[in-house]
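The values are calculated or read from the model by the stated rules, or taken from the named source; none is laboratory data. Please read all numbers here as calculations on a predicted model, not as lab measurements. Cβ placement follows ideal geometry from the backbone for every residue including glycine, while neighbour counts extend to all protein chains displayed. Protein only, heavy atoms only, side chains kept; ligands, DNA and RNA dropped before computing areas. Shrake-Rupley method; radii C 1.70, N 1.55, O 1.52, S 1.80 Å.
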Amino acid sequence: MARAIAHARSIGIPIIHVGVSFAPGYPELPKDWSFNPQHTFRQAQQNNMFISGSKATEFLEELCQEGDTKIYKYRVSAFSGSSLETVLRSMGVRHLVLCGVATGGIVLSTVREAYDKDFGMTILSDVCMDRDEEVHRVLMEKILKKQAKVTTVDEFIKANQ
(Lines give C-alpha, C1' and ligand atoms only; values in the text may rest on other atoms or scores of the structure.)
Protein backbone atom coordinates (compact mmCIF):
# COMPACT_ATOMS: atom_id res chain seq x y z
CA MET A 1 0.00 0.00 0.00
CA ALA A 2 2.87 2.37 0.79
CA ARG A 3 4.18 2.07 -2.80
CA ALA A 4 0.77 2.89 -4.25
CA ILE A 5 0.33 5.91 -1.98
CA ALA A 6 3.86 7.16 -2.67
CA HIS A 7 3.32 6.88 -6.42
CA ALA A 8 -0.07 8.59 -6.23
CA ARG A 9 1.53 11.47 -4.31
CA SER A 10 4.31 11.72 -6.90
CA ILE A 11 1.80 12.23 -9.73
CA GLY A 12 -0.36 14.69 -7.82
CA ILE A 13 -3.24 12.48 -6.69
CA PRO A 14 -4.62 13.77 -3.38
CA ILE A 15 -4.41 11.20 -0.59
CA ILE A 16 -7.49 10.75 1.56
CA HIS A 17 -7.49 8.31 4.48
CA VAL A 18 -10.86 7.17 5.82
CA GLY A 19 -11.25 5.51 9.20
CA VAL A 20 -13.90 4.61 11.75
CA SER A 21 -14.44 6.63 14.92
CA PHE A 22 -17.30 6.88 17.40
CA ALA A 23 -17.98 9.29 20.24
CA PRO A 24 -17.91 7.82 23.76
CA GLY A 25 -21.20 6.03 24.42
CA TYR A 26 -21.69 5.38 20.69
CA PRO A 27 -24.47 7.90 20.04
CA GLU A 28 -24.02 7.24 16.29
CA LEU A 29 -25.12 3.61 16.70
CA PRO A 30 -28.48 2.03 17.48
CA LYS A 31 -29.21 0.95 21.05
CA ASP A 32 -31.33 -1.96 19.79
CA TRP A 33 -29.45 -4.33 17.47
CA SER A 34 -32.27 -6.92 17.21
CA PHE A 35 -32.69 -6.02 13.52
CA ASN A 36 -29.10 -7.10 12.80
CA PRO A 37 -27.36 -8.89 15.68
CA GLN A 38 -24.31 -9.74 13.53
CA HIS A 39 -23.58 -6.14 12.48
CA THR A 40 -19.86 -5.31 12.60
CA PHE A 41 -20.39 -2.11 14.53
CA ARG A 42 -22.46 -3.91 17.16
CA GLN A 43 -19.38 -5.99 17.90
CA ALA A 44 -17.26 -2.82 18.04
CA GLN A 45 -19.73 -1.25 20.44
CA GLN A 46 -19.84 -4.34 22.69
CA ASN A 47 -16.02 -4.41 22.81
CA ASN A 48 -15.64 -0.65 23.32
CA MET A 49 -13.67 -0.27 20.07
CA PHE A 50 -13.02 2.72 17.78
CA ILE A 51 -13.67 5.42 20.36
CA SER A 52 -12.59 8.83 19.05
CA GLY A 53 -9.03 9.60 20.11
CA SER A 54 -8.14 5.99 20.92
CA LYS A 55 -5.20 4.12 19.38
CA ALA A 56 -7.65 2.10 17.22
CA THR A 57 -8.76 5.26 15.39
CA GLU A 58 -5.26 6.49 14.51
CA PHE A 59 -4.06 6.26 10.93
CA LEU A 60 -0.77 4.46 10.27
CA GLU A 61 2.04 6.99 10.50
CA GLU A 62 4.00 5.30 7.72
CA LEU A 63 1.13 5.91 5.29
CA CYS A 64 0.13 9.45 6.31
CA GLN A 65 1.95 12.66 5.53
CA GLU A 66 1.26 16.27 6.30
CA GLY A 67 -1.21 17.51 3.73
CA ASP A 68 -3.12 14.23 3.49
CA THR A 69 -6.82 14.48 4.26
CA LYS A 70 -8.17 12.36 7.11
CA ILE A 71 -11.88 11.59 7.33
CA TYR A 72 -13.81 9.59 9.89
CA LYS A 73 -16.99 7.65 9.19
CA TYR A 74 -19.69 5.92 11.23
CA ARG A 75 -20.82 3.21 8.84
CA VAL A 76 -19.38 0.61 6.46
CA SER A 77 -19.14 2.71 3.28
CA ALA A 78 -16.51 5.45 3.30
CA PHE A 79 -19.26 7.83 2.17
CA SER A 80 -21.98 7.00 4.68
CA GLY A 81 -21.86 9.25 7.71
CA SER A 82 -18.76 11.14 6.58
CA SER A 83 -17.71 14.27 4.75
CA LEU A 84 -16.00 12.28 1.97
CA GLU A 85 -18.31 13.28 -0.88
CA THR A 86 -18.17 16.97 0.08
CA VAL A 87 -14.36 16.86 0.27
CA LEU A 88 -14.03 15.05 -3.07
CA ARG A 89 -16.39 17.44 -4.85
CA SER A 90 -14.63 20.50 -3.38
CA MET A 91 -11.30 19.11 -4.65
CA GLY A 92 -12.79 18.48 -8.09
CA VAL A 93 -12.08 14.76 -7.85
CA ARG A 94 -14.02 12.61 -10.33
CA HIS A 95 -12.00 9.38 -10.21
CA LEU A 96 -11.05 7.41 -7.09
CA VAL A 97 -8.23 4.93 -6.56
CA LEU A 98 -9.28 2.60 -3.77
CA CYS A 99 -7.56 0.14 -1.50
CA GLY A 100 -8.43 -1.14 1.93
CA VAL A 101 -9.44 -3.76 4.41
CA ALA A 102 -12.57 -5.87 4.16
CA THR A 103 -13.22 -6.34 0.45
CA GLY A 104 -16.66 -7.80 1.22
CA GLY A 105 -17.59 -4.90 3.49
CA ILE A 106 -15.92 -1.51 3.29
CA VAL A 107 -14.52 -1.83 -0.23
CA LEU A 108 -17.73 -3.27 -1.71
CA SER A 109 -19.96 -0.72 0.04
CA THR A 110 -17.73 2.19 -0.92
CA VAL A 111 -17.52 1.12 -4.57
CA ARG A 112 -21.28 0.70 -4.83
CA GLU A 113 -21.97 4.10 -3.27
CA ALA A 114 -19.25 5.86 -5.29
CA TYR A 115 -20.68 4.32 -8.47
CA ASP A 116 -24.14 5.65 -7.59
CA LYS A 117 -22.55 9.08 -7.05
CA ASP A 118 -20.99 8.95 -10.55
CA PHE A 119 -17.35 8.62 -9.54
CA GLY A 120 -15.00 6.66 -11.76
CA MET A 121 -12.90 4.13 -9.85
CA THR A 122 -9.77 2.06 -9.90
CA ILE A 123 -9.40 -0.66 -7.28
CA LEU A 124 -5.93 -1.89 -6.36
CA SER A 125 -6.79 -5.54 -5.75
CA ASP A 126 -3.48 -6.56 -4.19
CA VAL A 127 -3.80 -3.95 -1.42
CA CYS A 128 -7.36 -4.93 -0.54
CA MET A 129 -8.09 -7.97 1.58
CA ASP A 130 -10.88 -9.95 3.13
CA ARG A 131 -10.80 -12.59 5.86
CA ASP A 132 -12.30 -14.94 3.30
CA GLU A 133 -9.95 -15.22 0.31
CA GLU A 134 -12.74 -16.62 -1.89
CA VAL A 135 -14.97 -13.62 -1.17
CA HIS A 136 -12.07 -11.33 -2.14
CA ARG A 137 -11.42 -13.28 -5.36
CA VAL A 138 -15.06 -13.41 -6.47
CA LEU A 139 -15.61 -9.72 -5.76
CA MET A 140 -12.48 -8.65 -7.63
CA GLU A 141 -12.85 -11.02 -10.57
CA LYS A 142 -16.60 -11.02 -11.09
CA ILE A 143 -18.47 -8.26 -9.25
CA LEU A 144 -16.42 -5.09 -8.72
CA LYS A 145 -14.95 -5.05 -12.21
CA LYS A 146 -18.43 -4.20 -13.49
CA GLN A 147 -18.22 -0.83 -11.71
CA ALA A 148 -14.50 -0.13 -11.52
CA LYS A 149 -11.20 -0.93 -13.13
CA VAL A 150 -9.61 -3.65 -11.01
CA THR A 151 -5.83 -3.70 -11.22
CA THR A 152 -2.69 -4.24 -9.13
CA VAL A 153 -0.28 -1.72 -7.64
CA ASP A 154 2.38 -2.61 -10.25
CA GLU A 155 -0.10 -2.18 -13.11
CA PHE A 156 -1.36 1.13 -11.63
CA ILE A 157 2.19 2.50 -11.36
CA LYS A 158 3.09 1.34 -14.88
CA ALA A 159 -0.08 2.91 -16.35
CA ASN A 160 0.47 6.21 -14.51
CA GLN A 161 4.16 7.02 -15.05
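Worth pointing out:
- Each of the peptides 11-21, 70-80, 86-96, 115-125 was scored by the mean count of other Cβ atoms within 10 Å over its residues; in descending order, highest first, they stand as 70-80, 115-125, 11-21, 86-96.
- For Glu62, the accessible surface of its heavy atoms amounts to roughly 140 Å² (probe 1.4 Å, protein chains only, rounded to the nearest 10).
- Three-way shape call for the chain based on the alpha-carbon gyration tensor, with the a/c threshold at 1.5: prolate
- Summing Lys and Arg as +1 and Asp and Glu as -1 over all other residues whose Cβ lies under 10 Å from the Cβ of Phe41 gives a net charge of +1.
- Seen from Asp154, the other residues with C-beta closer than 10 Å to its C-beta sum to a net charge of 0, counting Lys and Arg as +1 and Asp and Glu as -1.
- Amide H contacts under 5 Å for Lys73, placed H, 5+ residues apart: Gly19, Val20, Ser21
- If you take the Cα centroid of the range 15-38 and the Cα centroid of the range 46-121, the two points sit 14 Å apart.
- Gyration tensor (alpha-carbon) shape descriptor, the range 1-77, a/c threshold 1.5: prolate
- Under 5 Å between amide hydrogens, built in the peptide plane, is the criterion, and for Asp126 it picks out Val153 among residues at least 5 positions away or on other chains.
- The helix-based estimate of mean residue ellipticity at 222 nm for the chain, built from -39,500 (n - 2.57) per DSSP H run of four or more residues and divided by its residue count, is -7500 deg cm²/dmol to the nearest 500.
- Our coupling estimate for the range 72-89, obtained by passing each phi through the Karplus curve with A = 6.51, B = -1.76, C = 1.60 and θ = phi - 60°, is 10, 10, 10, 9, 5, 5, 5, 8, 5, x, 9, 8, 3, 4, 4, 5, 4, 5 Hz, Gly and Pro reported as x.
- Less than 5 angstrom separates the built amide H of Val97 from those of Thr122, all sequence-distant by 5 or more or on a different chain.
- Check: the chain dipole with +1 on Lys, Arg Cβ and -1 on Asp, Glu Cβ, in debye: 340 debye
- Count of Lys pairs (Cα-Cα under 21 Å; at least 8 positions apart or interchain) in the chain: 10
- Electrostatic tally near Ile106: other residues with Cβ closer than 12 Å to its Cβ, Lys and Arg +1, Asp and Glu -1, net +1.
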